[in-house]
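The values are calculated or read from the model by the stated rules, or taken from the named source; none is laboratory data. Keep in mind the model is a prediction, meaning the values are calculated, not measured. Glycine also receives a Cβ, built like all others from the backbone with ideal geometry; neighbour counts cover every protein chain displayed. These accessible areas exclude ligands, DNA and RNA; they are computed on the full protein's heavy atoms, side chains included. Shrake-Rupley method; radii C 1.70, N 1.55, O 1.52, S 1.80 Å.
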Amino acid sequence: MRMRTRNHLDERIAACEKLTLCSFDDAGSAFAGGNPLHIEIGCGKGRFITQTALQNPDIRYIAIEKVSNVIVLAMEKAKEAQLDNLRFMRGNFQDLAESFPDNSVDRIYLNFSDPWPKKGYAKRRLTHGGFLEIYKRILKENGEICFKTDNRELFDFSLESFPENGFSLSEVTYDLHNSDFTGNIMTEYEERFSAQGFPICRLVARLK
């Protein structure tokens with residue numbers, strides 16, 4: 001079903017203009033200092049990234065989302081929280097990534113990405129080798145990817161894809177909320193589906 005355009009969408013996005021980066025080139029003037037940089041690809045409505053940024057004021061964050069109807073809600077959360085360490089990029093990650101310098105990112109968050117379950121669509125999965133090559137270029141030495149999903153098939157696919165493309169795995173769990181991991185910040189999607197009893201899978205992939 002096609003998503004309806006939110007009321008006054010253009011005006012609401014314009015009101016958050018100071019939080020928006022057109023490309024990575026804008027980050028230099030948007031952020032002060034050279035603190036670590038973390039990015040989230042597909043930030044959705046922004047609960048995860050805004051709460052993470054609130055808890056870690058000494059880290060710079062860039063949240064990427066291609067759906068305008070959705071990213072506006074995330075930007076409004078960040079604006080209300082008066083976050084100085086969070087900025088947003090609107091568009092397709094493959095296009096936006098071209099502006100990221102090599103070895104510029106310390107951590108990438110992939111939270112509940114589209115699983116693209118049909119085999120013919122495997123190349124669209126954000127943990128497919130094609131995307132991993134992009135991550136490898138922009139990640140710093142020993143950079144890492146934190147990956148969460150409720151889709152077991154996507155998780156199993158990723159367990160093979162990461163090592164095949166030069167990453168080592170740690171903190172692997174098929175049931176995050178019943179694991180020893182602490183400090184988890186839930187997305188809106190995660191809260192809804194975990195409440196229905198769906199287990200959440202998580203791993204950390206580091207460049208070897």
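Could you work out the helix-only [θ] at 222 nm for the chain, with each DSSP H run of four or more residues adding -39,500 (n - 2.57) and the total divided by the number of residues, to the nearest 500 deg cm²/dmol?
-9000 deg cm²/dmol
Suppose every Lys and Arg Cβ carries +1 and every Asp and Glu Cβ carries -1, with no other charges. What dipole size does the range 53-208 come out with about its Cα centre, to the nearest 20 debye?
With Lys and Arg at +1 and Asp and Glu at -1, about 400 debye.
Over the range 82-169, with the other protein chains present, what is the accessible area per residue in square angstrom, probe 1.4 angstrom?
I get 49 Å² per residue for the range 82-169.
Using the Kirkwood formula over every pair of different C-alpha atoms, what hydrodynamic radius in Å results for the range 89-161?
One decimal place: 12.9 Å for the Kirkwood radius.
Need the C-alpha centroid separation for the range 59-101 versus the range 180-202, integer Å.
Cα centres, the range 59-101 to the range 180-202: 22 Å.
Please give the direction-averaged projected area of the C-alpha convex hull for the range 7-112, in square nanometres with one decimal.
Taking the Cα atoms of the range 7-112, their convex hull projects to 6.2 nm² on average.
Tell me the carbon and sulfur percent of the accessible area for the chain, rounded to whole percent, probe radius 1.4 Å.
47 percent
Give me the lysines in straight-line cross-link reach of LYS140: C-alpha distance below 22 Å, same-chain residues under 8 apart excluded.
LYS148, LYS208
Rounded to whole Hz and in sequence order, give me ³J(HN,Hα) for the range 184-198 from the Karplus expression 6.51 cos²θ - 1.76 cosθ + 1.60, θ = phi - 60°, writing x for Gly and Pro.
5, 10, 7, 7, 4, 4, 4, 4, 5, 7, 5, 5, 8, x, 7
Return the aspartates and glutamates within reach of LYS18: Cα separation strictly under 20 angstrom, same-chain partners fewer than 8 residues apart disregarded; answer none if there are no such residues.
ASP10, ASP26, GLU40, ASP58, GLU65, GLU76, GLU80, ASP84
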